[in-house]
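The values are calculated or read from the model by the stated rules, or taken from the named source; none is laboratory data. Computed from a predicted model, the values in this text were never measured in an experiment. Cβ atoms come from the backbone with ideal geometry, glycine included; neighbour counts cover every protein chain shown.
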Amino acid sequence: MQSTAAANWTQQGQKTKWPPQRRNLVGACLAHLLHDGYTDQLYALLPIWQTEFGLPYAGLAVIRALYSGTMGGLQVPAGKLTVRLSSRAALALATFIAAAGFLLMALPFGLPGLCAGLVLSGIGSSIQHPRASLLVTQTYGTMSRGPLGIYNFAGDLGKASFPAAVALLLPFMAWRPVVGVMAMIGLAIAFALLALVPRQPFLAPEEKSKSGGRDGQGFGLLLTIGAFDTATRMGYLLFLPFLLHAKGGTEATVGIGLALLFAGGALGKACCGWLGQHLGVVWTVIATEAMTALFMIATLKLPLGSTLAVLPLLGIVLNGTSSVLYGTVPELAKRGEVGKAFALFYTGVLGSGGLAPILYGMVADHSSRTMGIVAAALTAAAIIPMVLALRPFLLEERDVSAE
């Protein structure tokens, strides 16, 4: 069966300029760019919805949660429902559903239509993360950590470009036509995925590569590390605008600071996956988390100009760790359950990203903003002993020990 699949794989590659391996990676990246862009472009629309529908801030939080909560909570069920679909079909379906949700939002159905569209789009986006990650893993096997870093970098490009596009269009168009344009872009990308990703039968991960773990041992600890890493990132982002204001920064300074941090983060996601592949998971995570904690504390002490200079470096290590962790999921997943493992991992980190700002905010409310940032830095430092405990479960460490 493997030889037949390999032969089909080679024949498809000969018929196209791009080999199937690259087409799969580009397809996964394109899907990630769109769905992460869909997620973050909502921030640009929230003030308009607040004015039009007379929503309080708590109401806006609920509106936002209709999308993010649906997307995060349905990662595992969506993976189960689409398990028999090929990655090509699953990614195209996910993108069609997400675009349909935005198309529904663009129609004049009032607040109920907006809410229904957000839920529908969240359902579509819940399919994308586990299936696109699985596609990259199946395609690259034991060498998937670096490509998974590129996949995560593509998501950051979507987060940067889609909100900016919406912000640029809103002065010239009402919000419903703008959302309609975003829906059309999603539909176009869905068709592009059907044309780009090779036709191939669905194969279980173990039939494509031996990257899956033997019994899933260590995966729970990896998930905990991922949750702590996300908590660190979201906690610091909560306080950064206020920190820059306290140092004398203006609204423009805050925008520049966030841009510098996110630019470093995008670079970190692109680079740290490859670094983990060559340096190893344990030492890469130790280095990035230690530097994260140190840079966070440094921004408390440095003047405004020096803080801005440090933010890109902080962004590299703050975001870069996630690529290393995502790349380790196939290694620690149960054999044949890599897609389910990715779904569980994304559920955990998305949940942590939602809860962490609330907890750090409570720390700051009962003490100070400085203590909130220190708490986030200590969370990063707490990952170091956890990743050392993860070491015996990693294939690279077992291979070293065997030698």
Name the residue, out of A89, A106, that is in the same structural domain as I150 (by TED's automatic domain parsing) and either surrounded by fewer than 17 Cβ atoms within 10 Å (Cβ to Cβ) or in contact (Cβ under 8 Å) with a residue 40 or more places away in the chain (or both).
A106
Neighbours by Cβ (under 6 Å, 6+ apart or cross-chain): first from region 354-371, within 18 Å of V62 (Cα to Cα); second of a type outside the set (V, I, T)
A356/A231; A356/M234; A356/G235; P357/M234; P357/L238
Counting only residues that are among the aliphatic types (A, V, I, L, M) and surrounded by 24 or more Cβ atoms within 10 Å (Cβ to Cβ), which one in region 136-153 is farthest from V62 (Cα to Cα)?
V136
Any residue in region 275-293 that is assigned by TED's automatic domain parsing to the domain that holds I383 and closer than 17 Å to F228 by Cα sitting within a Cβ distance under 6 Å of a residue that is of a type in the set (S, T, Y) and in a helix (DSSP H, G or I)? List the pairs, counting only those 6 or more apart or interchain.
V281/T328; V285/T321; T288/T321
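Looking at F262, F295 in this structure, which one is farther than 28 Å from A389 by Cβ and among the aromatic types (F, W, Y)?
F262 is the lone residue from the list that is farther than 28 Å from A389 by Cβ and among the aromatic types (F, W, Y).
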Residue among A160, A165, A132 that alone is hydrophobic (A, V, I, L, M, F, W, C), closer than 21 Å to A89 by Cβ and part of a helix (DSSP H, G or I):
A132
Failed item, numbered, when Q75 is tested on (1) touching a Pro at 6+ places or on another chain (Cβ under 7 Å); (2) at pLDDT 75 or above; (3) surrounded by fewer than 22 Cβ atoms within 10 Å (Cβ to Cβ)
(3)
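Here's the yes/no breakdown for (1) modelled with pLDDT under 85; (2) aliphatic (A, V, I, L, M); (3) under 30 Å from V281 (Cβ atoms):
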{"site": "L91", "(1), (2), (3)": "no, yes, yes"}
{"site": "A99", "(1), (2), (3)": "no, yes, no"}
{"site": "G113", "(1), (2), (3)": "no, no, no"}
{"site": "L118", "(1), (2), (3)": "no, yes, no"}
{"site": "S121", "(1), (2), (3)": "no, no, no"}
{"site": "T137", "(1), (2), (3)": "yes, no, yes"}
{"site": "M143", "(1), (2), (3)": "yes, yes, yes"}
{"site": "D156", "(1), (2), (3)": "yes, no, yes"}
{"site": "W175", "(1), (2), (3)": "no, no, no"}
Answer yes or no: is there a residue in region 189-209 that is surrounded by fewer than 22 Cβ atoms within 10 Å (Cβ to Cβ), β-branched (V, I, T) and either modelled with pLDDT under 80 or part of a helix (DSSP H, G or I) (or both).
no
